[in-house]
Amino acid sequence: MDIHEYQAKEILSRFGVGVPQGALAYSPEQAAYRAREMGGDRWVVKAQVHAGGRGKAGGVKVCDSDVEIQEVTEGMFGQKLVTHQTGPEGKGIYRVYVEAAVPIAREIYLGFVLDRASQRVMIVASGEGGMEIEEISEKRPESIVRATVEPAVGLQEFQCRELAFKLGIKPAMVQQMVRTLRGCYRAFRELDATMVEVNPLVITSDDRILALDAKMTFDNNALFRHPQISELRDKSQEDPRESRAADRGLSYVGLDGNIGCIVNGAGLAMATMDTIKLAGGEPANFLDIGGGATPERVSKAFRLVMSDKNVQAILVNIFAGINRCDWVAEGVVRALRENPVDVPVVVRLAGTNVEEGQKILAQSGLPLIRATTLMEAAERVVAAWRSDTTRNTNLRAV
Ligand code: GDP
Ligand code: MN
């Protein structure tokens with residue numbers, strides 16, 4: 001789960017990381033008021049969307065008066081901000097953050113990520129802040145410094161000092177840098193984050209180290225133990241299909257194709273998507289309905305997949321190991337009786353009680369297309385989707 005910049009800054013500051021003074025606003029009037037309330041003569045107005053690259057897309061503006069803030073934010077609220085990270089549809093701006101502008105002397109990139117290879121939290125930093133990390137690794141790879149954290153002992157002071165020296169932090173400010181790094185790390189660990197990114201972390205001309213931008217992503221599987229983090233969820237920033245799935249406890253990722261997938265098991269779901277592509281189709285989603293594919297879950301899955309208007313065919317691929325094919329077949333039949341769909345549905349069942357399952361499908365009288373192997377299922381669903389005539393014939397043939 002992602003959170004907004006202002007929320008990440010509030011969290012990081014609780015862990016001792018310096019952040020500029022700022023205030024949140026839900027309207028242009030409020031933005032102007034919050035700047036007056038804060039005082040000063042220069043502010044940075046920042047659109048709060050769950051995406052980076054806002055600066056280049058017009059989502060970060062420096063303003064010199066409250067009147068200017070009002071004008072600038074009138075052009076932001078209710079608009080979609082399209083950055084290189086949002087995709088062409090963009091993300092809606094419903095909150096802006098007004099910050100006291102700070103005099104920047106240097107920009108540093110700082111990221112905390114989970115490194116799968118070393119199975120450790122890894123710190124990635126670069127003296128070339130302001131650019132995205134992808135750009136830094138392309139243009140100035142030699143500027144990137146790394147450190148891995150030994151989980152048993154946590155991030156050590158000497159590691160922080162070493163990073164500070166490598167980044168060219170002057171000696172008088174090293175302790176401040178140590179506090180910043182340790183604060184980010186503690187926030188990462190204690191709150192079960194999967195990513196903390198501060199880009200840029202700035203050194204001001206008056207020798208303060210401040211997180212000028214902040215991004216945090218949390219491990220959805222650990223959210224149950226952090227209700228205060230769950231509360232920060234902003235559905236306006238999520239793909240509506242994925243929000244609905246999360247609310248129903250289904251693991252779903254929306255994609256751009258038109259063949260809906262209902263599968264049990266993440267590995268099988270990935271293999272199903274690959275096979276659909278191999279057969280010449282494009283999957284509309286990744287969906288893992290989990291091991292216990294009860295009729296209720298199958299029903300929910302059908303409703304979820306069909307709520308995507310791009311879906312023109314559905315492939316149900318269930319391998320029953322612990323589960324039973326007859327039970328899944330009952331679920332499919334019940335789901336389609338309750339909510340008939342107007343697109344072809346291919347069902348492939350394998351595993352325990354497969355014969356009974358097939359029998360239930362065959363006797364249901366529903367226009368289902370059956371398949372035995374995964375390849376056959378993918379080919380059938382692609383064929384059914386390709387041609388309206390074939391689709392109708394197939395629908396009746398079963
Ligand atoms: P992003 O584009 O979504 O990553 O948004 P950032 O919060 O990183 O802002 C983009 C850029 O705006 C930063 O890299 C800074 O150069 C600039 N910026 C942000 N806040 C300030 C500020 O307080 N003062 C000044 N001078 N520049 C700022
Ligand atoms: Mn940034």
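Put the Cα centre of region 100-118 next to the Cα centre of region 284-359 and the gap is 45 Å. Ser307 sits among other residues whose Cβ lies under 9 Å from its own Cβ, and their net charge, with Lys and Arg +1 and Asp and Glu -1, is +3. For the chain, the longest principal axis of the C-alpha atoms and the axis of helix 325-338 are separated by about 80°. For helix 388-397, report the angle its Cα long axis makes with the longest principal axis of the Cα atoms of the chain; keep it between 0 and 90° and round to the nearest 10°. The angle comes out near 50 degrees. Need the C-alpha centroid separation for region 242-260 versus region 1-75, integer Å. Their Cα centres are 32 Å away from one another.
Each label was represented as a point 7 Å from its Cα along the Cα-to-Cβ direction; for Gln363 and Glu89 these points are 4.2 nm apart. Quick one: helix 174-190 against the long Cα principal axis of the chain, what's the angle to the nearest 10°, folded into 0 to 90? So the inclination is approximately 20 degrees.
On the basis of the beta-carbon distance and an R0 of 35 Å, Arg233 and Val153 show a calculated FRET efficiency of 0.60. Remark: the chain carries 47 Å² of accessible area per residue (probe radius 1.4 Å; ligands, DNA and RNA excluded). Of the Cα atoms belonging to the chain, the radius of gyration and Dmax stand at 25.7, 80 Å. Surface composition of the chain: carbon plus sulfur atoms hold 50% of the accessible area, using a 1.4 angstrom probe and ignoring ligands, DNA and RNA. Across the chain, the longest run free of exposed loop sites, meaning GluC sites (Glu not before Pro) lying outside DSSP classes H, G, I, E and B with no more than 14 other Cβ atoms within 10 Å, spans 232-398.
The values are calculated or read from the model by the stated rules, or taken from the named source; none is laboratory data. The model shown is predicted, which means the values in this text are computed figures rather than measured ones. When we count neighbours, we look across all protein chains shown, and the Cβ atoms used for this are built from the backbone with ideal geometry, even at glycine. Heavy atoms of the whole protein, side chains included, go into the accessibility calculation; ligands, DNA and RNA do not. Shrake-Rupley method; radii C 1.70, N 1.55, O 1.52, S 1.80 Å.
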